Amino acid sequence: DIQMTQSPSSLPASLGDRVTITCRASQDIGNYLRWFQQKPGKSPRLMIYGATNLAAGVPSRFSGSRSGSDYSLTISSLESEDMADYYCLQSKESPLTFGSGTKLEIK
Amino acid sequence: QVNLQESGPGLVKPSQPLSVTCSVTGYSITTSYYYWNWIRKFPGNKLEWMGYISYDGSIYYNPSLKSRISITRDTSKNQFFLQLNTVTTEDTAVYYCARTPFDYWGQGVMVTVSS
């Protein structure tokens, strides 16, 4: 199985901060990488697909990037509504695998 | 508007089967080329992809579950189903259904395995 190593597990940040979450793939996944946001009691929300493409309705302060086997989700200026858990998902090959998650919280 | 909704028992006894239904409205589960997935989230927040049934009825299971899982569908009702056999307390989770490309998800159903 492809392992997705996500970091950090917890990210304290202040409103207005620029924050970055990273997933490293254990083997080549091309751009078959998605990012999800999940708030308590809600289902995951697709934020980024194809590693760099913004999903419909997602604010432009979110962006995705790739450098080799490292994939990043960046929020350019943190807003209170962004406090949530974030997960990456690789869909290059089955079984699909998620990162372990990052809890974004107010410092 | 695409809508997915899970329904399930809430509480299952150990060694019994767990069954969850995903009812889809606003989109046919036989429309090319979509896949209909089951995902679960454990109490420690880990997410696990369990498997899918595709628009043409093909199925893929996560090998970690392969001996216990079954995914089926009823196209007349636009529903698909998860059955997980011989459950243990480690199968306690929130169970979600979702459409690939993972743009639509159900709200999730909590299933607790306990005697």
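Every number here is computed from the coordinates shown, using simple stated rules; none is lab data. What you are looking at is a predicted structure, and each value in this text was computed from that prediction instead of being measured. With ideal geometry, Cβ positions are generated from the backbone for all residues, glycine too; neighbour counts draw on all protein chains shown.
Those residues that are within 14 Å of chain A (Cβ to nearest Cβ), not hydrophobic (A, V, I, L, M, F, W, C) and not in a strand (DSSP E or B), I need them from segment B:25-57; list them, please. Once the filter is applied, which keeps residues that are within 14 Å of chain A (Cβ to nearest Cβ), not hydrophobic (A, V, I, L, M, F, W, C) and not in a strand (DSSP E or B), segment B:25-57 yields B:TYR33, B:TYR34, B:PRO43, B:GLY44, B:ASN45, B:LYS46.
Residues that are closer than 18 Å to A:ILE2 by Cβ and out of contact with any Pro (no Cβ under 9 Å at 6 or more places or on another chain) were ranked within segment A:49-63; the one that is surrounded by the most Cβ atoms within 10 Å (Cβ to Cβ) is A:ALA51. Restricting attention to segment B:48-73 and to residues that are closer than 24 Å to A:TYR87 by Cβ and of a type in the set (S, T, N, Q), the residue that is surrounded by the fewest Cβ atoms within 10 Å (Cβ to Cβ) turns out to be B:SER64.
Looking across segment B:85-97 at every residue that is touching a Pro at 6+ places or on another chain (Cβ under 8 Å) and under 23 Å from A:SER91 (Cα atoms), the one that is nearest to the other protein chains (Cβ to nearest Cβ) is identified as B:TYR96. Checking B:SER76, B:SER19 one by one, the residue that is outside any loop (DSSP other than H, G, I, E, B) and away from chain A (no Cβ under 14 Å) is B:SER19 and no other. The single condition among (1) touching a residue at least 12 places away in the same chain (Cβ under 8 Å); (2) part of a strand (DSSP E or B) that B:TYR60 does not meet is (1). When each of A:ILE29, A:ILE2 is tested for being away from every other protein chain (no Cβ under 11 Å), assigned to a loop (DSSP other than H, G, I, E, B) and surrounded by fewer than 20 Cβ atoms within 10 Å (Cβ to Cβ), the lone residue that passes is A:ILE2.
Within segment A:54-107, the set of residues being touching a residue at least 40 places away in the same chain (Cβ under 8 Å), assigned to a loop (DSSP other than H, G, I, E, B) and either of a type in the set (Asp, Glu) or within 14 Å of another protein chain (Cβ to nearest Cβ) (or both) comprises A:GLU79, A:ALA84, A:SER91, A:LYS92, A:GLU93, A:PRO95, A:GLY99, A:SER100, A:GLY101. B:PHE102 fulfils the conditions (1) assigned to a loop (DSSP other than H, G, I, E, B); (2) within 13 Å of chain A (Cβ to nearest Cβ); (3) surrounded by fewer than 20 Cβ atoms within 10 Å (Cβ to Cβ) except for a single criterion, (3).
With respect to the conditions (1) among the small types (Gly, Ala, Ser); (2) within 19 Å of B:THR100 (Cβ to Cβ); (3) surrounded by 14 or more Cβ atoms within 10 Å (Cβ to Cβ); (4) in contact with a Lys or Arg (Cβ under 7 Å, 6 or more places away or on another chain), A:ALA13 lacks only one, and its number is (2). So, of the residues in segment A:25-80 that are basic (Lys, Arg) and more than 24 Å from B:TRP38 (Cα to Cα), which turns out to be nearest to the chain's Cα centre (by Cα)? Restricting to residues being basic (Lys, Arg) and more than 24 Å from B:TRP38 (Cα to Cα), the top hit is A:ARG66.
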